1. Where does helix 85-104 land angle-wise versus the long Cα axis of the chain, in degrees 0 to 90, nearest 10?
2. For the chain, find the longest principal axis of its Cα atoms and tell me its angle to the long axis of helix 131-148, 0 to 90°, nearest 10.
3. Does the chain classify as rounded, prolate or oblate by the C-alpha gyration tensor (a ≥ b ≥ c root eigenvalues; a/c under 1.5 gives rounded; else a/b over b/c gives prolate, otherwise oblate)?
4. From the square roots a ≥ b ≥ c of the eigenvalues of the alpha-carbon gyration tensor of the range 43-90, which class results: rounded (a/c under 1.5), prolate (a/b over b/c), or oblate?
5. By how many degrees, 0 to 90 and rounded to 10, does the Cα axis of helix 11-44 deviate from the longest principal axis of the chain?
6. Could you please rank 154, 145, 1, placing first whichever residue has the fewest other Cβ atoms within 10 Å of its Cβ?
7. Let me know the shape class of the range 1-84, please: from the alpha-carbon gyration tensor, a ≥ b ≥ c as square roots of the eigenvalues, rounded when a/c is under 1.5, otherwise prolate if a/b is greater than b/c, or oblate.
8. So what is the 222 nm mean residue ellipticity for the chain from helices alone, if each DSSP H run of at least 4 adds -39500 (n - 2.57) and you divide by all residues, rounding to the nearest 500 deg cm²/dmol?
């Protein structure tokens, strides 16, 4: 006796599930790539730390649809921390990142910053604060996006 199977597919639900899975993979790739880039920046900066504020202000925040989903800022292990400079550095980095994210308004947005106001001055004097890390980021993100989607049959491109 033959058995018949009738399948009802809610294509809207299927599409929604696929989009959610893509979001999870993109967010995970951004989390890893941003953290790897920040660690690279902190290990390869060319300035001499005095108070630890600049290094502490270097970190990232990740947003989805304007909502903060991850923040990674750590107080520097180096520097004299005069007047709570390291905590101020973390706070400055978080504020700078949040400000930039509000300006962009992207669906998924990773913001890597050196949040002390004088970071650009230090860079202008020829000391790498974040520029080197910025140059590394596309390749790092590409690596983690490939990893995230290696089993999906999907392709992507990273543009600046």
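1. 40 degrees
2. So the inclination is approximately 20 degrees.
3. Prolate shape, in that a/c is at least 1.5 and a/b is the bigger ratio.
4. Prolate is the answer for the range 43-90, as a/c is 1.5 or above and a/b outweighs b/c.
5. Helix 11-44 sits roughly 20 degrees off the main axis of the chain.
6. 1, 154, 145
7. prolate
8. After summing the helix terms and dividing by the residues of the chain, the value is -17000 deg cm²/dmol.
Readers should treat all values here as calculations from the given coordinates under stated rules, not as data from a laboratory. Just so you know, these numbers come straight off a predicted model, no measurement behind them. Methodologically, a virtual Cβ is constructed for each residue, glycine included, from the backbone with ideal geometry; neighbour enumeration extends over all protein chains shown.
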